[in-house]
1. Quick one: which helices (runs of 4 or more DSSP H) lie wholly within the range 480-586 and hold at least 2 residues that are farther than 30 Å from LEU91 by Cβ and modelled with pLDDT of 95 or more?
2. Would the range 284-298 turn up any residue that is acidic (Asp, Glu) and either closer than 28 Å to LEU177 by Cβ or assigned to a loop (DSSP other than H, G, I, E, B) (or both)?
3. For ARG43, indicate whether it is within 17 Å of LYS464 (Cα to Cα), open to solvent by 10 Å² or more (accessible area, probe 1.4 Å) and at pLDDT 95 or above.
4. If I ask for residues that are without any contact (Cβ under 8 Å) to a residue 24 or more places away in the chain and farther than 22 Å from THR211 by Cβ, which ones from the range 583-633 would you list?
5. Of ARG522, ARG543, ARG529, which residue is among the basic types (Lys, Arg) and touching a residue at least 40 places away in the same chain (Cβ under 8 Å)?
6. Looking at the range 19-31 only, could you name the residues that are more than 14 Å from GLU444 (Cβ to Cβ) and within 15 Å of ligand 3 (Cβ to nearest atom)?
7. Please indicate, with yes or no, whether at least one residue in the range 198-206 is within 31 Å of the chain's Cα centre (by Cα), surrounded by fewer than 21 Cβ atoms within 10 Å (Cβ to Cβ), at pLDDT 95 or above and on the phi > 0 side of the Ramachandran plot.
8. Please find, among GLU28, GLU16, the residue that is of a type in the set (D, E, K, R), at negative phi and within 16 Å of ligand 4 (Cβ to nearest atom).
Amino acid sequence: MSEAVTTRYQVCELCETGCGLAVDVQGERLVGVRGNEQDVFSRGFICPKGLALPELEHDPDRLKSPVRRDASGAFQRISWDEALSTTAERLKSIQRRFGRDSVAVYMGTPVVHKYGALLMRGALLGALKTKNSTSAGSQDTSTRFAASYFLYGSAFSTPIPDLDRTEYFLCIGANPLVSNGSLLTAPNMRARLRALRERGAKLIVVDPRRTETAELASEHVAVLPGGDAALLLGMIQVLIERGQTDTAWIERHTRGFEALARHLRSFTPERAAQLSGVSADTIRRLALEFAQASSSVAYARVGVCNNAFGTLASYAVDVLNIVAGRLGAAGGALFAKPAIDLPRLARMVGADGYARWHSRVRRLPETAGDIPASTLAEEMETAGEGQVRALVTFAGNPVLSTPNGGRLARAVSKLEFMVSIDPYINETTRFADVILPPCGALSEEHVDLFFANVAARNVIRWTKPAIARGADERTDWEILLDLSYRLGGGPAGMAPVDWVARQARKMGFQFTPASIADLAIRMGPYGDRFLPGHKGLNGAKVRASEHGVDLGPLEPGIEHRIFHKHGRIELSPPALLAAITELSSTSERARTDELLLIGRRDIRSNNSWMHNVTKLVAGRDRCVLLVHPSDAARIGIADGESATLQSRVHRGEVRVQITDEMRPGVVSLPHGWGHAEIAAWQRVAGAHPGVSANDWTDDQHVESVVGQSILNGVPVTLSRTGTFASPSA
Ligand SMILES: Nc1nc2c(c(=O)[nH]1)N[C@H]1C(S)=C(S)[C@@H](COP(=O)(O)OP(=O)(O)OC[C@H]3O[C@@H](n4cnc5c(=O)[nH]c(N)nc54)[C@H](O)[C@@H]3O)O[C@H]1N2
Ligand SMILES: Nc1nc2c(c(=O)[nH]1)N[C@H]1C(S)=C(S)[C@@H](COP(=O)(O)OP(=O)(O)OC[C@H]3O[C@@H](n4cnc5c(=O)[nH]c(N)nc54)[C@H](O)[C@@H]3O)O[C@H]1N2
Ligand code: SF4
Ligand SMILES: [Mo]
């Protein structure tokens, strides 16, 4: 007789949306995943990636135990104890000989999705104490972090659009219909954006490509890649000049407005038009519409964060909201009030800051604890004190996700030692000496942490593991903690606390993410503060609510997210006034045969790592270069042909798809492909290899405030294969 199917409730951690899942289990085997209709946050929504979770969990190519690379390059199974002790000894030995900075750390996106990993990442960093620590965040969010740090005094003060109430949504460099929303955790974007249009509100999409989101919009503005800062500053200047700013609000809540206004004088709509590729009339009209709508909000994401003026543009988005009186207002940009107060937690553990240290070779600044990922290869290749000799990657694939990935692969292959915490042998981890694979995400608890700070509704969920893990499987945080102890550290990453934790551990007490989360909830804005009989929240109460605890809609107000000692929003931070000056002296792009390369995401894909699931890669090839018909005609290439794409750092073949979705002069290639090298270890991905966009992006071309990689707006030339494109000056 077959066992009965039971349903358990979990949260999907594959993307920022965090949909509630109903997980059907037979015995301990996962048999199906559905959206959980009772989930207080997502109310049953689920996307194709969530539905593919069983295939992902059961993927036969996932590593189930630690492995070591032997002399022939093959991976051999080893025990946890051997893997962890080898790793700790090698890392310690390298740091003893070459100093702390000789070990670099790269952490990828999944770290931010998992509360245990996020709370324990500090343990590893505290044990290693290297300044060469970087993450995927330095590829997509450092600019946003810096803008918030300057404006509000915390990198983690992140306003989000009040989508469900706004009358005017200016969506810039984001494609929420495909990404499901980023720094905007709101399930079911399609329904939300449709509802927005149906109630008569306007949706304006600013993007060099007519995206899936733009198809739903009232208006699509095809900006030039990298042109957003100029466009936004031009709009702000129009509002100042026309007296359309909210003077009373500005006076009460901000400082530095006069200095900003002086700096913006030269940003007339005509000047902004030259730099943004959007006409002066459109800039004027958008600005006035924005100010005159009964409510409005501007929001920007990856297309803006990782372009040439990413910090300035991220700051300008908020300044536009601020001068129009939209920050902290219903239908404008609101701050969440999560049960675990992320900005305060980040300050406590030292994760918040800017330029507290710099990279060795190029002197690029740290932002929120990360130096830019684009420094990795040069730090490995450049001899001298502090040269990187070893690498730890944790849930990342920098060879495919960071600029000039080919250079990074060559540098990584020459390291003295490398360890990766990852379930897959991927384009990066294939160089690791040791790989430590975690159990599947559904075998871990979930607590809403990072993304609750940018969620469209205040909720907290604490779910139990939906499926049991194998006896020899470990969670990410257990791996991090064990390794940290072996390196001489502990769970906090702070010497005195770690010393106490080590003593407590000898007596059998284990510091866990759960105990930290419980503490953070109890001391948070809804917490019981450890008072007996108090109605507030604690970990046990949250855990007892299977479908989550609803804490209500976002509320107007900004006070809880201003961390400057003076208590006001800083509108004139020197670094940003300097960036305005830098932008205003930029010259208009000369007309050449040069094209600008931008990225693209796909609903069934997630960066580089879900291409080993058949149903997520089936169908037509998605790793194609989108080219406007006028560019294709000029170059002489036909739809479906292969052509040669060349940048400063790379020349290679791509398959072309001709479409008028693109702004002329701009081409688009998705990142995260290029799996030919790993066909032996990821059989499905290897059969759908594609090419890696980051072979063409440039590690030496970075944004000026935080040094974030410029992954959107990379100069390239395209030519018929066999003909030679002369590189543009
Ligand atoms: N050209 C270009 N490049 C880009 C971008 C772009 O738009 N254009 N986007 C950038 C952005 S936004 C990002 S975030 C980065 C992403 O960069 P990365 O984070 O480096 O890349 P991912 O492909 O997300 O890699 C995730 C890795 O984590 C592993 N993994 C999955 N789940 C778990 C888990 O539970 N535990 C552990 N330990 N490992 C796990 C996967 O196997 C995979 O190897 O790429 C950036 N690169
Ligand atoms: N299905 C799916 N979902 C994902 C991911 C995924 O890979 N697949 N990745 C996840 C991750 S790590 C992140 S960070 C988020 C990203 O979430 P989003 O930012 O919403 O997603 P992108 O598709 O990168 O959107 C960037 C848009 O910017 C446009 N763009 C490029 N350059 C410029 C420019 O200079 N100016 C302007 N205005 N626009 C520009 C691009 O055409 C693109 O449409 O998505 C997350 N969700
Ligand atoms: S949108 Fe899809 S991938 Fe993202 S959390 Fe929801 S189900 Fe998971
Ligand atoms: Mo990202």
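The values are calculated or read from the model by the stated rules, or taken from the named source; none is laboratory data. Nothing here was measured: the structure is a model prediction, and the numbers come from that model. Every residue, glycine among them, receives a Cβ derived from its backbone with ideal geometry; neighbour counts consider all protein chains shown. In case anyone asks, the SASA skips ligands and DNA or RNA and just uses the protein heavy atoms, side chains included. Shrake-Rupley method; radii C 1.70, N 1.55, O 1.52, S 1.80 Å.
1. Values: elements: 495-506, 513-523, 539-544, 574-584.
In the range 480-586, 513-523, 539-544, 574-584 are the helices (runs of 4 or more DSSP H) which contain 2 or more residues that are farther than 30 Å from LEU91 by Cβ and modelled with pLDDT of 95 or more.
2. Start the filter on the range 284-298 by keeping residues that are acidic (Asp, Glu), which leaves 289.
Cutting the leftovers down to either closer than 28 Å to LEU177 by Cβ or assigned to a loop (DSSP other than H, G, I, E, B) (or both) gives us 289.
The answer is yes; a qualifying residue exists.
3. no
4. Across the range 583-633, the qualifying residues are SER585, SER587, ALA590, ARG591, ALA618, ALA633.
5. Numbers: ARG522 fails: touching a residue at least 40 places away in the same chain (Cβ under 8 Å); ARG529 fails: touching a residue at least 40 places away in the same chain (Cβ under 8 Å).
Selected residue: ARG543, the only one of ARG522, ARG543, ARG529 that is among the basic types (Lys, Arg) and touching a residue at least 40 places away in the same chain (Cβ under 8 Å).
6. CYS19, GLY20, ALA22, listed by residue number.
7. No, the range 198-206 contains no residue that is within 31 Å of the chain's Cα centre (by Cα), surrounded by fewer than 21 Cβ atoms within 10 Å (Cβ to Cβ), at pLDDT 95 or above and on the phi > 0 side of the Ramachandran plot.
8. The conditions single out GLU16.
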